[in-house]
1. Taking only the stretch 5-21 into account, find how many residues are out of contact with any Phe, Trp or Tyr (no Cβ under 8 Å at 6 or more places or on another chain) and open to solvent by less than 100 Å² (accessible area, probe 1.4 Å).
2. Just need a number here: residues in the stretch 23-46 that are surrounded by 11 or more Cβ atoms within 10 Å (Cβ to Cβ) and of a type in the set (Asp, Glu).
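The values are calculated or read from the model by the stated rules, or taken from the named source; none is laboratory data. Remember, predicted model here, so these are calculated numbers, not experimental data. For neighbour counting, all protein chains shown are included, and Cβ atoms are generated from backbone atoms with ideal geometry for every residue, glycine included. Please note that ligands, DNA and RNA were not included when accessible areas were found on the heavy atoms of the full protein model with its side chains. Shrake-Rupley method; radii C 1.70, N 1.55, O 1.52, S 1.80 Å.
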Amino acid sequence: METSKFDLDQKAIDRLKRKIVIAENTNLRTKNKTDAQMIRDIKKWIEEEVQCCSNQ
C-alpha cells in the first residue's frame, strides 16, 4: 500500500474546526438545519479548504 504525505496548514485546520464548532452549536440552539444539511455544509467547507490549500 502506498502512503502519501500531506503537509497540513495548522491555521487552516484551526479555522475550519472553529467554523464547524460554531455552526454546530448555533444549529443545536436554533434547529434551523437538519443533520443532512449540516453534513453537506461541513463537507463543502472542508472541500473549499482543501482546494484553497492545494492551490498554494
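1. The number of residues fulfilling the criteria is 5.
2. Total meeting the criteria: 2.
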